[in-house]
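Taken together, the values in this text are just the output of simple stated rules run on the coordinates, not laboratory data. What you are looking at is a predicted structure, and each value in this text was computed from that prediction instead of being measured. A quick note on method: Cβ atoms are made from the backbone with ideal geometry, for glycine too, and the neighbour counts reach across all protein chains shown.
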Amino acid sequence: MGIPVKLDIFDGPLDLLLHLIEKNKIDIFDIPIISITEQYMDIIGKMEKRDMDIMSEFLVMAATLLKIKSKMLLPARENENGEEEDPREELVERLLEYKKYKYAALSLKNMQIDAAKHFFREKNLPEGVESYKEVIDTKKLLSDVTLYRLQIIFNSIIKKQIDKTDPVRSNFGQIKKETVSLEERIHYIEEYAKLHNKFNFKTMLGYNTGKTMVIVTFLGILELMKAGKLKIEQESIFDDIWISKVY
């Protein structure tokens, strides 16, 4: 007797391929297409051919595997980037997508099974208890409330909020990305140099300057030096950097 087409572990051609990959402990990104094709063809050859609609899916995959197998025997083709194309790439993507949805379905099935094991008690409250609503006298409730008591309550709430605050992380400032264009900075330096024949690097930067701005400004000065438009002077290592315009 042949093997039925639709089994618990072979729910379609992709499921059969995934089973063979896991059975042989194969890396899904490096499928030995020749051996997998042989095993696949051997299994579908033993299947019963009652439902041709289902069987046709397996035969289409068999043809795909044979096509990939033949491409792997030929010299590798290169894509637009000059990289070798892998004939297995599309198949791997389909297997990964199928595997993701398969395990998601199994997870949902397990949740359904677990949910079936839970039983809830039927509602059996007496009508009087269920329909009872407590009458709240707001005037009586607030009769002894004073501004002093409200102040105490407010202070206790504020204290709880302060206690929740991380003393270290709360003092961290926001990290802001500096958008600095080298081209724009070079133009700024040139304009600054026209107004100040000789100037200090720190003075030109100004206060509250971020690290990115310092780096881009320094690169801009180097570019202008290379172009012969600026000259840098520094007497010793830790002295100020003086920049002067070249005429």
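Label separation (Lys140 vs Leu108): 5.4 nm, computed from points 7 Å beyond Cα along the C-beta direction. Under the combined filter of DSSP loop state and at most 13 neighbouring Cβ atoms within 10 Å, the stretch 215-247 retains these GluC sites (Glu not before Pro): Glu235.
Magnitude of the charge dipole for the stretch 182-245, about its Cα centre and with charges confined to Cβ atoms of Lys, Arg (+1) and Asp, Glu (-1), is about 80 debye.
Determine the shape class of the chain: with a ≥ b ≥ c the square roots of the Cα gyration tensor eigenvalues, call it rounded for a/c under 1.5, and otherwise prolate if a/b is greater than b/c, oblate otherwise. Before the final figure, lay out the partial values.
Numbers: a/c = 4.85, a/b = 1.21, b/c = 4.01.
In terms of gyration-tensor shape, oblate.
Compactness check for the stretch 182-245: Cα Rg over 2.2 N^0.38 Å is 1.03. Scaled against the 2.2 N^0.38 Å expected of a compact globular protein of N residues, the Cα radius of gyration of the stretch 27-112 reads 1.35. Were the residues from Glu57 through Ser35 laid out at 0.36 nm apart, the gain over their Cα-Cα distance would be 5.9 nm. Debye calculation, C-alpha points only, no solvent: report log10 I(q)/I(0) for the stretch 83-163 at q = 0.19, 0.20, 0.23, 0.25 Å⁻¹, in the same order as the q values. For the stretch 83-163, the Cα-only Debye profile gives -0.97, -1.00, -1.11, -1.16. Note on the stretch 11-51: Cα-only Rg and Dmax are 10.9, 34 Å.
Checking the Cα-Cα distances for Lys71/Lys102; Lys23/Lys46; Lys25/Lys69 against a 25 Å cut-off, the pairs over it are Lys71/Lys102. Full extension of the chain between Val180 and Glu93 gives 27.3 nm of extra length, using 0.36 nm per residue less the Cα-Cα distance.
Taking all Cα pairs closer than 8 Å and separated by 6 or more residues, the relative contact order of the chain comes to 12 percent.
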